[in-house]
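A.B. asks: Let me begin by handing over the structure; questions about it come next.
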Amino acid sequence: MRVDWAVVYRETYADLVRFLHRKVWDPDQAQDLAQETFARALDHDPENPRAFVFTIAANLARDEARAAIRRKKHLTLMAGGAAEAGVAADAPGAAEAQERANAVRQALDQLSERDREVLLLWDAGFDYAEIARQTGLKPGAIGTTLARARRKLVEAHEALAQVAQRPQTKQR
């Protein structure tokens with residue numbers, strides 16, 4: 001039976017963009033990668049289309065992260081190691097929203113790749129069996145891994161919040 005990609009797209013797109021956004025931290029890039037994911041998936045007829053789409057997306061996000069690191073290194077070399085300039089927020093709540101997003105990103109970055117992947121797949125709506133197939137973990141290990149990932153995420157976020165709340169002292 002052929003996959004009805006229109007149905008898969010409608011049922012998966014929002015979860016896929018959210019998953020990719022938490023991988024690349026750029027909403028426009030997440031949407032672009034989601035579109036590329038479906039473009040690549042159309043030529044296939046997988047048994048589990050949702051898992052197949054998320055596998056493609058994870059690989060594209062990983063490739064994009066590697067490319068971004070190469071670009072950043074190249075730009076740093078070209079700029080002579082100069083620091084990147086910040087962009088001022090134009091909306092009143094934009095700075096606060098960006099600060100929250102950065103805090104979540106930093107907390108997620110402190111998780112292991114496996115814990116982060118399990119957490120993001122669960123957040124994207126995958127059930128334990130799908131997460132197990134996607135990650136190669138045993139189905140019985142998903143609950144434990146997910147609980148550990150959640151705990152570590154909360155601990156990392158709280159630790160970052162405490163560091164941010166400490167008063168800055170001037171060095172002489």
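A.B. asks: Can you tell me which residues in segment 9-26 are assigned to a helix (DSSP H, G or I) and either on the phi > 0 side of the Ramachandran plot or acidic (Asp, Glu) (or both)?
C.D. replies: Of everything in segment 9-26, those that are assigned to a helix (DSSP H, G or I) and either on the phi > 0 side of the Ramachandran plot or acidic (Asp, Glu) (or both) turn out to be Glu11, Asp15.
A.B. asks: Condition first: basic (Lys, Arg) and without any contact (Cβ under 8 Å) to a residue 24 or more places away in the chain. Now tell me which residues in segment 4-50 satisfy that.
C.D. replies: Residues of segment 4-50 basic (Lys, Arg): 10, 18, 22-23, 40, 50.
Those that are basic (Lys, Arg) and without any contact (Cβ under 8 Å) to a residue 24 or more places away in the chain: Arg10, Arg40.
A.B. asks: Could you say whether any residue in segment 1-10 is within 18 Å of Leu121 (Cβ to Cβ) and of a type outside the set (Val, Ile, Thr)?
C.D. replies: First pass over segment 1-10, keeping only residues within 18 Å of Leu121 (Cβ to Cβ): 8.
Still in the list and also of a type outside the set (Val, Ile, Thr): none.
No, the conditions are met nowhere in segment 1-10.
A.B. asks: Go through segment 35-62 and report how many residues are under 15 Å from Ala124 (Cβ atoms) and either among the basic types (Lys, Arg) or in a loop (DSSP other than H, G, I, E, B) (or both).
C.D. replies: Matching residues across segment 35-62 total 2.
A.B. asks: So which helices (runs of 4 or more DSSP H) are wholly in segment 77-172 and hold at least 3 residues that are modelled with pLDDT of 85 or more and among the hydrophobic types (A, V, I, L, M, F, W, C)?
C.D. replies: Result: 113-123, 128-135, 139-165.
The values are calculated or read from the model by the stated rules, or taken from the named source; none is laboratory data. The model shown is predicted, which means the values in this text are computed figures rather than measured ones. Neighbour counts are summed over all protein chains in view; Cβ atoms, including those assigned to glycine, are modelled from backbone coordinates with ideal geometry.
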